[in-house]
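Just below is one structure, and these are the notes that go with it.
The values are calculated or read from the model by the stated rules, or taken from the named source; none is laboratory data. Not measured: the values here are computed from a predicted model. For neighbour counting, all protein chains shown are included, and Cβ atoms are generated from backbone atoms with ideal geometry for every residue, glycine included. Surface areas here come from the heavy atoms of the whole protein model, side chains and all, with no ligands, DNA or RNA. Shrake-Rupley method; radii C 1.70, N 1.55, O 1.52, S 1.80 Å.
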Amino acid sequence: MIFENTKAFAQQLDAQDSLHKYRDEFHFPKVNDKQVIYFTGNSLGLQPKRAKAYVDEIMNDWANLAVEGHFYAEKPWWDYQERFSKPLSKIVGAKPAEVTVMNTLTVNLHLLMVSFYQPDAKRFKIICEEKAFPSDQYMLQSQVQFHGFKPEEAIVEINRREGEHTICTEDVIAKINEVGDELALVLIGGVNYYTGQVFNMKAITAAGHQVGAYVGWDLAHAAGNVKLELHDWNVDFAAWCSYKYMNAGPGNASGCFVHEKHHHNADLPRFAGWWGHNKERRFKMEPNFDPVHGADGWQISNLPVLSLAPYLASVEMFDEVGMDALIEKRDQLTAYLEFTLHEIDKEVQGNFEIITPSNPSERACQLSVFLHGEGRSLFDYLMKNGVIVDWREPNVIRLAPVPLYCSFEDMYNFGQILKRGILEK
Ligand SMILES: *Cc1c(COP(=O)(O)O)cnc(C)c1O
């Protein structure tokens, strides 16, 4: 499609967009009494209006039923997480028994590493990406130290090539082969939080298995954003947070995936708790742990249903929309934003550099833009003028045009505000 950088053209794209109506399903903050242009759904998704009813339901059941709510609430609390299995499995390309919701992201990755990182003197190394999200770096360092290894010996980072912003799949695979039978685990962010690069999860997973390692993915920036086929890709485990693209609210519960090939493996160590115990026998208070055969077998504590409620509202909305429709709009919206940025760049000679790959199969809903020559004052200008963006040192703004609630007209309007911000300096 040939794009035009005009309001009329953007409005026409919105008129043709079957997902445009979902914009009204969200609460938008206001600046100067006007709804903002929201580009930080990769950090905290907007609140779906329908979430409140889900929370209220639990508050009411708690008020009216108290402890009986575990079994007699409208949606009984004791197995509330099972309501996620079907819709969430479709979002990440899994079988329903392969997904569950519990805890928070870094906690879940730690717990999954109890099962999938069992180093010995020979096979103890972990491959991850250079400049991984800090929480992931701290997690990996503390895990290898916990097992008595030194991070500088056990953690192998994949570097960018000189002068490049993103990491080549060939380099990841070459490194996996090089580390070979010393490799215990590959654990990478499926979408890099800084550059927005989407990794070739299928090829990397296969390469890791080829040398006998486990392969897990941190899907913080991928869940609800990228077409995932975790089951078919044969991924061992994955976890993601629900508050970024999944719009479940600040700090909310994490989702987990454990491939079904591991569900009956009694040799896999894990940290257990009563909520992972055989469902039919859970309240018999037996002394020996008998795990549920599924991702639910990694549950530990009884469920924080108040926080799961807005997550469920959101997951049901994703199910209604479907990932294919979402991704189709995502690609068009991102391409339109990219086009707008290039147009504005030509008008103001801004010398912007988009460091996110331009190939649609290597990116999703995020463009990270290096604003050469533009300082933090431009970021402040954008924020004052109703554009919520995110700033990363040294000089990068990250723009996530989330297809569920951002419009083509938002992209046009953003371009105009950006242009004024640069010209006014
Ligand atoms: C957002 C994010 C996290 C956050 O972890 P929490 O445990 O939810 O605080 C971790 N890893 C990556 C890659 C992220 O993008």
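Quick one: in region 255-273, which of the residues that are open to solvent by less than 90 Å² (accessible area, probe 1.4 Å), touching a residue at least 12 places away in the same chain (Cβ under 8 Å) and in a loop (DSSP other than H, G, I, E, B) is farthest from F116 (Cα to Cα)?
Out of the qualifying residues, it is G273.
All but one of (1) more than 16 Å from L312 (Cβ to Cβ); (2) open to solvent by 20 Å² or more (accessible area, probe 1.4 Å); (3) out of contact with any strand residue (DSSP E or B) (no Cβ under 7 Å at 6 or more places or on another chain) hold for A10; which doesn't?
Answer for A10: the failing condition is (2).
Looking at (1) surrounded by 17 or more Cβ atoms within 10 Å (Cβ to Cβ); (2) more than 13 Å from G421 (Cβ to Cβ), which is the only condition H342 fails?
The failed condition is (1).
Mind checking which pairs have a first residue in region 146-159 that is surrounded by 12 or more Cβ atoms within 10 Å (Cβ to Cβ) and a second that is outside any helix (DSSP H, G or I) and acidic (D, E), Cβ under 9 Å, 6 or more apart or different chains?
Going by the 9 Å Cβ cut-off, the qualifying pairs are E157/E129; E157/E130; I158/E129; I158/E130; N159/E129; N159/E130.
Quick one: how many residues across region 389-425 are charged (D, E, K, R) and in a helix (DSSP H, G or I)? Don't jump to the end; show me each part of the working.
If we filter region 389-425 for residues that are charged (D, E, K, R), which is where we start, we get 390, 392-393, 398, 409-410, 419-420, 424-425.
Narrowing the set further to residues that are in a helix (DSSP H, G or I) leaves 409-410, 419-420.
Of the residues in that region, 4 qualify.
Quick check on my filter: what residues within region 368-382 are touching a residue at least 24 places away in the same chain (Cβ under 8 Å), over 23 Å from the mean Cα position of the chain (by Cα) and open to solvent by 30 Å² or more (accessible area, probe 1.4 Å)?
Matches in region 368-382: S377, Y381.
Considering region 112-145 alone, what residues qualify as being of a type in the set (A, V, I, L, M), in a helix (DSSP H, G or I) and surrounded by 20 or more Cβ atoms within 10 Å (Cβ to Cβ)? I'd like the intermediate steps shown before the answer.
First pass over region 112-145, keeping only residues of a type in the set (A, V, I, L, M): 112-114, 121, 126-127, 132, 139-140, 144.
Adding the requirement that they be in a helix (DSSP H, G or I) leaves 112-114, 139-140, 144.
Within region 112-145, L112, M113, M139, L140, V144 meet the criteria.
Within the set of pairs 6 or more residues apart or between chains, which connect a residue that is in the same structural domain as A223 (by TED's automatic domain parsing) and open to solvent by 20 Å² or more (accessible area, probe 1.4 Å) inside region 99-111 to a residue that is modelled with pLDDT of 95 or more and more than 12 Å from the ligand (Cβ to nearest atom) with Cβ atoms less than 6 Å apart?
What qualifies is L111/F271.
Filter region 217-254 for residues that are away from the ligand (no atom under 16 Å from the Cβ) and open to solvent by 20 Å² or more (accessible area, probe 1.4 Å) and give the result.
Correct list: K227, E229, H231, D232, W233, N234.
Only residues that are open to solvent by 60 Å² or more (accessible area, probe 1.4 Å) and more than 30 Å from W391 (Cα to Cα): list them for region 42-55, please.
Initial filter on region 42-55 (open to solvent by 60 Å² or more (accessible area, probe 1.4 Å)): 44, 47, 49, 52-53.
Residues satisfying the conditions are K52, A53.
Could you say which residue among E374, E347 is part of a loop (DSSP other than H, G, I, E, B), of a type outside the set (F, W, Y) and at pLDDT below 95? Please lay out each step first, then the result.
Values: E347 fails: part of a loop (DSSP other than H, G, I, E, B).
E374 is the lone residue from the list that is part of a loop (DSSP other than H, G, I, E, B), of a type outside the set (F, W, Y) and at pLDDT below 95.
Give me the residue from region 88-98 that is small (G, A, S) and in a helix (DSSP H, G or I) and, out of that set, most open to solvent (accessible area, probe 1.4 Å).
So the first thing to find is which residues in region 88-98 are small (G, A, S), and the list is 89, 93-94, 97.
Of the ones still in play, those that are also in a helix (DSSP H, G or I) are 89, 97.
Details: S89: 6, A97: 56 Å².
Here the answer is A97.
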